[in-house]
Amino acid sequence: MQRLTIVRYTVKPEAIGENEALCKAVFDEARAKQPKDVGYALFRKGGEFIHVFMNFAEDDSEAITGLPSFKSFGKDLPSRCLIEPKPERLSVEAVERYGFNAS
């Protein structure tokens, strides 16, 4: 099985810039380390952030959640939030995909 995780949350207006910068640091580290077989995307609408993660090889998220930058991002996340994260973790089998390429 593979891992699909979708996380939604809303940050306080004064924390939007900080949260986005912490998220971007995770992407910078992921690009530098190039974990195999994962896809990760971040979306934002105002203060709402949506993270989409897919591990195409196994039911595990350590390739991203194990990064030091991700640990820094998550450390004070609840204090930045108006609406706390609602993760949905699914063990799934990818049937088809387009534009969501794993390395």
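Values quoted throughout were computed directly from the atomic coordinates according to the rules given, and no laboratory measurement underlies them. Owing to the predicted nature of the structure, the values given are computational and were not obtained by experimental measurement. Cβ placement follows ideal geometry from the backbone for every residue including glycine, while neighbour counts extend to all protein chains displayed.
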- Message: Can you tell me the orientation of helix 16-33 relative to the chain, as the angle in degrees between its alpha-carbon axis and the longest Cα principal axis, to the nearest 10?
- Response: 30 degrees
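Give the residue list of trypsin sites (Lys or Arg not before Pro) in region 57-103 that are DSSP loop and have at most 11 other beta-carbon atoms within 10 angstrom. Don't jump to the answer; show the numbers that get you there.
Numbers: sites: K71, K75, R80, R89, R97; in loops: R97.
Listed in order of number, the matching sites are R97.
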- Task: Check cross-link reach from K33 to the lysines: straight Cα distance under 29 Å, and skip same-chain residues fewer than eight apart.
- Result: K24, K45, K71, K75, K86
- Note on the structure: In the neighbourhood of G39 defined by beta carbon distances under 13 Å, the net charge of the other residues (Lys, Arg +1; Asp, Glu -1) is +3
- Item | Cβ-based exposure ranking for R8, R3, in which fewest neighbours within 10 Å come first | R8, R3
- Residue exposure sequence - T10, T65 - by fewest surrounding Cβ within 10 Å: T65, T10
- Cα extents of the chain along the principal axes, largest first, in whole Å, come to 39, 25, 22
- Message: Taking θ = phi - 60°, what integer Hz values does the Karplus form 6.51 cos²θ - 1.76 cosθ + 1.60 yield along region 46-53, in sequence order, with x for Gly and Pro?
- Response: x, x, 8, 10, 10, 9, 10, 10
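Once you have a ≥ b ≥ c as the square roots of the Cα gyration tensor eigenvalues for region 1-48, tell me rounded if a/c is under 1.5, and otherwise prolate or oblate according to whether a/b is larger than b/c.
Oblate, because a/c is 1.5 or more while a/b does not exceed b/c.
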- Query: Tell me which aspartates and glutamates have Cα within less than 14 Å of K36's Cα, excluding those fewer than 8 residues away on the same chain?
  - Reply: E58, D59, D60, E62
- Sort region 38-77 into rounded, prolate or oblate with this rule: let a ≥ b ≥ c be the square roots of the eigenvalues of the Cα gyration tensor; rounded if a/c is under 1.5, and if a/c is not under 1.5, prolate when a/b is larger than b/c, oblate otherwise. oblate
- Message: Under 8 Å for C-alpha pairs, at least 6 residues apart: give me the relative contact order for region 2-92, rounded to a whole percent.
- Response: 51 percent
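Let me check I've understood the local charge: for A94, count other residues with C-beta under 14 angstrom from its C-beta, Lys and Arg +1, Asp and Glu -1. What total comes out?
On the way: positive: R3, R97; negative: D37, E58, D59, E93, E96.
Taking every other residue near A94 into account, the sum is -3.
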